[in-house]
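Enquirer: What follows is a structure written as structure tokens; I'll ask about it next.
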Amino acid sequence: MTRHPRSRGYTLVELLAVMAVLGILAAAALPMAEIAVQRDRERELKHALWEIRDAIDAYRRATDAGGIAGKPGETGYPESLESLVSGLADPKVAGRTHRFLRRIPRDPFAVASVPAAQTWALRSYQSSAERPRPGADVYDVASRSERIGLNGIALKEW
């Protein structure tokens with residue numbers, strides 16, 4: 001049986017068909033990859049919010065228990081996010097410092113060049129939930145992102 005030199009390999013039409021199928025599959029997979037990245041960033045945002053809010057609540061509990069010296073007229077909430085990291089002296093035990101965070105988590109939707117503490121929108125105890133505003137203390141935090149989450153709720157409302 002003799003072989004013709006033209007019988008080897010694939011034809012141009014076959015190669016173009018394979019390339020078209022691969023292009024269609026890649027185009028279908030790209031949105032799925034974008035959704036996976038969005039989901040990961042939202043999971044990271046949710047974890048960061050829980051971590052900061054837990055630290056704020058722990059600060060308040062320590063203030064109520066007398067573990068942190070508060071000034072008269074203060075709400076018992078931290079003055080800034082940085083005070084959760086730097087810590088405050090315990091008035092009951094000399095040399096003891098209460099720290100509530102190792103570091104301030106970043107908002108994963110914020111610009112990377114902005115310091116972590118500035119990536120969050122702050123709400124003071126005196127401001128309402130409908131119109132959150134910063135003030136003399138940090139009662140709550142939220143994302144500054146204008147994006148809408150995969151659940152249909154704006155990230156800044158989480």
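The values are calculated or read from the model by the stated rules, or taken from the named source; none is laboratory data. This structure is a prediction, so every number in the text was calculated from the model and none was measured. No Cβ is skipped: glycine too gets one built from the backbone with ideal geometry, and neighbour counts run over all protein chains shown. Quick note on the areas: whole protein, heavy atoms, side chains included, nothing else; ligands and nucleic acids left out. Shrake-Rupley method; radii C 1.70, N 1.55, O 1.52, S 1.80 Å.
Enquirer: For residue 11 and residue 96, calculate 0.36 nm times their separation in residues minus their Cα-Cα distance, and state this gained length in nm to one decimal.
Expert: That works out to 22.8 nm of additional length.
Enquirer: For a protection proxy built on the mean count of beta-carbon atoms within 10 angstrom, sort 133-146, 20-33 highest first, please.
Expert: Highest-to-lowest ranking by the protection proxy: 133-146, 20-33.
Enquirer: Quick check on the chain: helices-only [θ] at 222 nm, where DSSP H runs of length 4 and up contribute -39,500 (n - 2.57) each and the sum goes over total residues. Nearest 500, please.
Expert: Using -39500 (n - 2.57) per qualifying helix, the result is -13000 deg cm²/dmol.
Enquirer: Got a number for carbon plus sulfur as a percent of the chain's accessible area, 1.4 Å probe?
Expert: Here it works out to 58 percent.
Enquirer: Just to check I understand the Karplus step: with θ = phi - 60° and J = 6.51 cos²θ - 1.76 cosθ + 1.60, what whole-Hz values come out for the range 147-157, glycine and proline as x?
Expert: 5, 9, x, 5, 8, x, 9, 4, 4, 6, 9
Enquirer: Over the range 1-114, average the accessible area per residue using a 1.4 Å probe and give it in Å², no decimals.
Expert: Value for the range 1-114: 74 Å² per residue.
Enquirer: Taking the simple approach of a point 7 Å from Cα along Cα-to-Cβ for both residue 35 and residue 136, what is their distance in nm?
Expert: The modelled label-to-label distance comes out at 4.9 nm.
Enquirer: Where does helix 12-64 land angle-wise versus the long Cα axis of the chain, in degrees 0 to 90, nearest 10?
Expert: Relative to the chain, helix 12-64 is tipped by roughly 10 degrees.
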